[in-house]
Amino acid sequence: DCWRVRSPLQAGGVRIEVMLSKIRDTARELLTLSEKDPRRVFEGPALLRRLTRLGVLDETKQNLDYVLALKVQDLMERRLQTLVLKK
């Protein structure tokens, strides 16, 4: 039923799916560029730094291929509510 009201947790999940989709799209687009392309040289490491700072990507996985392998669960684990619930 499309008129069903979503709980805040479900709405957050949809938001995270959209965010992950945009992150993956960016990584996929950067991977299609040449390794020496100025856009890939600057935006690739910036994306990896941002994801590392958020705690989604590990320091040892500094590669755009790992960004494509991210799942919704990886991002959900970094949410404040999830961290509080685990404690």
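Annotation for V41 and R28: the two label points, set 7 Å from Cα along the Cα-Cβ direction, are 2.7 nm apart. The slack between K61 and E77, meaning 0.36 nm per residue of separation minus the straight C-alpha distance, is 4.0 nm.
Bear in mind these aren't lab numbers, they're just calculated from the coordinates by the rules spelled out. Small disclaimer: the values here were computed from a predicted structure and weren't measured. Ideal geometry is used to build each Cβ from the backbone, glycine not excepted, and the neighbour counts take in all protein chains shown.
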